[in-house]
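Asker: Before anything else, here's the structure in question.
Laboratory data are not the source of any read-out in this text; all were calculated from the coordinates shown. No experiment lies behind these values; they were computed from the predicted model shown. Because the Cβ atoms are built from the backbone with ideal geometry, glycine has one as well, and the counts that use them run over all protein chains shown.
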Amino acid sequence: MTEFTGSVRVRFAPSPTGYLHIGGVRTALFNWLFARHHGGQFILRIEDTDEKRYVPGAADDLMASLRWVGIEWDEGPDIGGPHAPYVQSLRHEAGIYRPFVEQLLENGHAYFSFTTEEELEQLKADALARGVKAFRFRGPEREWPLERQRELAATGRPYTVRLKTPTTGVTAFRDLVRGGDRIEVKNEELYDIVLLKSTGMPLYHLAHLVDDHLMEITHVLRSDEWVASTPYHVLLYQAFGWDPPLFAHLPPILRQDGRGKLSKRKDDVSANRFWERGYLPDAMFNYLALQGWSFDGYTEIMTRAEIVERFSLERVQPSPARWNPEKLLDMNGIYIRRLSTEEVADAIAPYLVRAGFISDPPGDAERAYLLQLTPLIHERLKELGEAPDLLAFFFRDVTYDDPALLIPKKLDAATTAGALRAVRERLLLLEPWDHARLEEELRALGEELALKPGQLFGTIRVAITGRTVAPPLFDTLVALGKQRVLHRLAVAAATLAPATGEHR
RNA sequence: GGCCCCAUCGUCUAGCGGCCUAGGACGCCACCCUCUCAAGGUGGAGAUCGCGGGUUCGAAUCCCGCUGGGGUCACCA
């Protein structure tokens, strides 16, 4: 029963209520992987039947996020397809849903409900007050003849249309993530869900299901939070006389502290945020694939092609995964290190532009300089967004907010200033200005001054970069250029000992 | 609270009855390399497989109960 032969068609159906967060990307990714693995189609559909929560621009943003990680769709809002349109509000306007509501009304599986939201709330409050453990609403009209329902509706009285759920028996479905195990619910636990709102707009339950059927969706892979409503969907398929798709409920991604699932409000996990901070699409793709799925327990770094080839629902874990930004960060570093110098330079350029270090677009000279600087920070980068900070001293004058940092262990200010001046002196006429010559001269000078390499190089580092942690010294000196190095050495020495050595 | 789902190192996971005195990765701690930081290398700490019963010659692996965690109970998706 978990085997499926035929053309696979899956969909990702987000609602445009805000930015797409990482959990949504994961759901989309698993659908995409499943489709690609089976050579099927992946469809994107926008579920915007909730006018109240609609956020303008959210659909475009969400599509951009998906494309960023490399998830492209075969049919969707912007590219169309055989079942267009792929936006539910448009489908509603086209009158797609209403006939299906009529069908259920006619075959007795749905009914007009005239209970208002306020009345419903009151009924619920009363029931709970009476000690009812769970309020299961079923409207009185479900027993009325359809004609009477229609007559009342015709008077202009607001109504919703509800599904007439059975009160006895059980409803069950199988879940592919749980090895095809049955999940069963007693029908008495159910209530009559709304299919059509009083505004005439279909509710998610109805709209998504009609669309899935019309679009010939074969597998529904969605987040775990949907299992509770799946029995209603199964009942709906039965009411229509349609074959339901196969279900697979993906484990939720829990918050870092394990308390609850990720949420847009409490957690900074919008896909955009990672894009901005400089996460590579490949790294995000790889990390997310491992949130709930694993290949063999050993192999973690895999190409997209390998993941597509290896992906299977049988290896999707039913238990929740937990959001682990440190692992993502590590993986991003791995992917960055695998890039070429040119690729990294291109990738960090926008960040340097934003920091005001280079022009937009970078000129030839800037690009050449960037290519020279990139190797210095390449393997130190974990997020591309760190680049401006790591390279700041190449583009801005340095300041010594804490001059004490210039002074190496076991040395005093005067000696350090003297050493820095000696360095400056030594480098003044150095030719050529390259790594080998610089290292040669400075090591020799260190010995002459009876300073350990760590002491001398450390103070030079702070003098020219303004910080204790920086890229390797000699490459930095070369990239900085003689003039700036000499200048900074002088400034640093003067900062430690204002007078130039002449006492009084 | 009702109902549903889940349960192996701090985290992600391997394990689908004997190969497990439980393997890998992130993180953490040492050491090596070394001009700092990274990267890389080596090693280490870290899980009585949530607890209790069964089944079996034999259970992390199967069954039951308990506990814990999560989800869901909308005219939201």
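Asker: How big is the range A:263-316 on each of its three principal axes, counting only the C-alpha atoms and giving the largest first in Å?
Answerer: Extents along the principal axes: 33, 21, 17 Å.
Asker: If we count every other residue with Cβ under 14 angstrom of residue A:361's Cβ, Lys/Arg +1 and Asp/Glu -1, where does the sum land?
Answerer: Its environment carries a net charge of -2.
Asker: If you take the Cα atoms of the range A:323-378, find Rg, then find the Kirkwood Rh from the mean of 1/r over all pairs, what is Rg/Rh?
Answerer: On the Cα set of the range A:323-378, Rg over Rh gives 1.06.
Asker: Then there's this: Can you give me the long-range amide H partners of residue A:21? Hydrogens built in the peptide plane at 1.01 Å from N, cutoff under 5 Å, separation of 5 or more residues or another chain.
Answerer: Those lying under 5 Å, H to H, from residue A:21 are A:271.
Asker: Let me ask something else. How are the C-alpha pair distances of the range A:39-82 spread across 5 Å bins, as whole percents from the shortest bin up?
Answerer: 5, 20, 27, 23, 16, 7, 1, 0
Asker: What residue among A:64, A:94, A:137 has its Cα farthest toward the positive end of the dipole of the range A:49-155, where the charges are +1 on Lys, Arg and -1 on Asp, Glu, each on the Cβ?
Answerer: Most positive-ward Cα: A:137.
Asker: Residues with beta-carbon under 10 Å from that of residue A:291, excluding residue A:291: net charge, scoring Lys, Arg +1 and Asp, Glu -1?
Answerer: +3
Asker: What is the Rg over Rh value, at two decimals, for the range A:393-463, using alpha-carbon atoms and the Kirkwood definition of Rh?
Answerer: 0.97
Asker: Could you sort A:390-398, A:89-97 so that the peptide with the highest average Cβ count within 10 Å comes first and the rest follow in order?
Answerer: A:390-398, A:89-97
Asker: When you take every Cα atom in the range A:294-342, what is the radius of gyration, and what is Dmax, the widest Cα pair distance, in Å?
Answerer: Cα-based Rg and Dmax for the range A:294-342 come out at 13.3, 42 Å.
Asker: Which FRET efficiency, nearest 0.05, do residue A:396 and residue A:125 yield, Cβ-Cβ r, R0 45 Å?
Answerer: My answer for the efficiency is 0.10.
Asker: Sticking with this one: Only bridges whose two residues both fall in chain A count here: according to DSSP, what percent of them are antiparallel, nearest 5?
Answerer: Counting DSSP beta bridges with both partners in chain A, the antiparallel share is about 55 percent.
Asker: Next up: Rounded, prolate or oblate for the range A:179-229? Axes are the square roots of the Cα gyration tensor eigenvalues, ordered a ≥ b ≥ c, and the cut-off for rounded is a/c under 1.5.
Answerer: Here the range A:179-229 falls in the oblate category.
Asker: Multiply the residue separation of residue A:296 and residue A:441 by 0.36 nm, subtract the distance between their alpha-carbon atoms, and state the gained length in nm to one decimal.
Answerer: This chain segment gains 46.9 nm when fully extended.
Asker: Stokes-Einstein at 20 °C, 1.002 mPa s, Kirkwood radius from Cα pairs: D for the range A:229-355 in µm² s⁻¹?
Answerer: Answer, rounded: 123 µm²/s.
Asker: Once amide H atoms are built 1.01 Å from N in the peptide plane, which residues 5 or more positions from residue A:322, or in another chain, come under 5 Å H to H?
Answerer: A:254
Asker: Distance in nm between label sites at residue A:355 and residue A:426, each 7 Å beyond Cα in the beta-carbon direction?
Answerer: So the label points at residue A:355 and residue A:426 sit 2.9 nm apart.
Asker: For a quick check: sort A:173, A:285 by the number of other beta carbons within 10 angstrom, fewest at the front.
Answerer: Least to most surrounded, the residues fall as A:173, A:285.
Asker: Any idea how far the Cα center of the range A:433-504 sits from the one of the range A:295-312, in Å?
Answerer: Going from one Cα centre to the other spans 48 Å.
Asker: If you take the C-alpha gyration tensor of chain A, multiply each eigenvalue by 5 and take the square root, what semi-axes do you get, largest first, in whole Å?
Answerer: Rounded to whole Å, the semi-axes are 66, 23, 21.
Asker: Note the full-extension length gain between residue A:305 and residue A:144 as 0.36 nm times their separation in residues minus their Cα-Cα distance, in nm to one decimal.
Answerer: Length difference between fully extended and current span is 52.2 nm.
Asker: Which value, in debye to the nearest 20, describes the size of the charge dipole of chain A about its Cα centre when Lys and Arg Cβ atoms bear +1, Asp and Glu Cβ atoms bear -1, and nothing else is charged?
Answerer: 1140 debye
Asker: Say each of residue A:329 and residue A:117 gets a label point 7 Å from the Cα, pointing the same way as Cα to Cβ; how far apart are those two points in nm?
Answerer: With each label point 7 Å from Cα toward Cβ, the separation is 4.3 nm.
Asker: To continue, here is another question. Could you tell me the distance between the Cα centroids of the range A:365-396 and the range A:122-180, to the nearest Å?
Answerer: So the separation of the two Cα centres works out to 62 Å.
Asker: Related question: Taking N as the number of residues in the range A:1-129, what value does Rg over Cα atoms divided by 2.2 N^0.38 Å take?
Answerer: It is 1.34.
Asker: Rounded, prolate or oblate: pick one for the range A:64-145, where a ≥ b ≥ c are the square roots of the eigenvalues of its C-alpha gyration tensor, a/c under 1.5 means rounded, and failing that, prolate if a/b is larger than b/c, else oblate.
Answerer: oblate
Asker: Long-range amide H contacts for residue A:250: which residues qualify at under 5 Å (H placed 1.01 Å from N, peptide plane, sequence gap of 5 or more or a different chain)?
Answerer: A:222, A:223, A:224
Asker: Also, I was wondering about something else. Taking 20 °C and 1.002 mPa s as the conditions, I'd like the Stokes-Einstein D for the range A:217-302 in µm²/s, using the Kirkwood hydrodynamic radius from alpha carbon pairs.
Answerer: 135 µm²/s
Asker: Take the alpha carbon atoms of the range A:282-428, find their radius of gyration, then divide it by 2.2 N^0.38 Å using N residues; give the quotient.
Answerer: For the range A:282-428, the normalised Cα radius of gyration comes out at 1.51.
Asker: Here is a follow-up. Compute the distribution of all C-alpha to C-alpha distances in the range A:78-235, in bins of 5 Å from 0, and list the percent of pairs in each, rounded to whole numbers.
Answerer: 1, 8, 15, 18, 19, 17, 12, 7, 3, 1, 0
Asker: Grab the eigenvalues of the alpha-carbon gyration tensor for the range A:418-504, scale each by 5, take roots, and send me the semi-axes largest first in whole angstrom.
Answerer: For the range A:418-504, the ellipsoid semi-axes come out as 19, 14, 13 Å.
Asker: Looking at the P(r) of the range A:111-203, how many percent of alpha-carbon pairs lie beyond 23 Å?
Answerer: 38 percent
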